[in-house]
1. Please find, among ARG75, ARG47, ARG40, the residue that is of a type outside the set (Asp, Glu), modelled with pLDDT of 80 or more and surrounded by 11 or more Cβ atoms within 10 Å (Cβ to Cβ).
2. Within segment 1-40, track down each residue that is assigned to a loop (DSSP other than H, G, I, E, B) and among the basic types (Lys, Arg).
3. Starting from segment 89-109, keep only residues that are under 11 Å from ILE78 (Cβ atoms) and open to solvent by 50 Å² or more (accessible area, probe 1.4 Å), then list their pairs with residues that are part of a helix (DSSP H, G or I) and of a type in the set (Gly, Ala, Ser) whose Cβ atoms are within a distance under 8 Å, requiring at least 6 positions of separation or different chains.
Amino acid sequence: MPGNLTDVFYNYDWPGNIRELENLLERLVITVENKEIDLRDLPDKIRNEQLGQISSLHALPANQTLTEYLNKIEREIIEETYRQLQSTRKAAARLGVTQAYIARRFKKYKLKVVEEKDLTTTE
C-alpha cells in the first residue's frame, strides 16, 4: 500500500477534478468513526488504482534489462520533477541528490534545461 494518505491523494488522477476530492473528503469526515482518516477508509476504486500503479512498477518488461528499466524510471522521475519545479537545484533538493548528480543525469539522458514550461529532449 502507498506510504500515506497524502501520497494517495496527490497521486490519484481525480477524474472528477476538485469536486470529486471535495465530495470524498466530506463523505470521509462524516462516515469515518475514528479521529483520523486511514488508507483503509478510502473507496476501493482509489485504493485499487494506487495498488495497480505500485505493482506495475515491479514488473520488468520482457524486452528490457533491469539496467534499461531502471534508467527509464530514473529519467522519468527526474524529467517530471524538473517539469514541476522548473529548476535543477530544486529538483535535486526534492529528490535528495546533489545538483551535480542531476546535471550528470541531464547529460546522460540528453535532457535540456529550458526556460519555458516544457522539458525537451535533444536528439
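The values are calculated or read from the model by the stated rules, or taken from the named source; none is laboratory data. Everything quoted here is computed from the prediction, not taken from an experiment. For neighbour counting, all protein chains shown are included, and Cβ atoms are generated from backbone atoms with ideal geometry for every residue, glycine included. To get the accessible areas, we keep the full protein, side chains included, count just its heavy atoms, and leave off ligands, DNA and RNA. Shrake-Rupley method; radii C 1.70, N 1.55, O 1.52, S 1.80 Å.
1. Just a single option satisfies the conditions, and that option is ARG75.
2. LYS35
3. TYR101/ALA92
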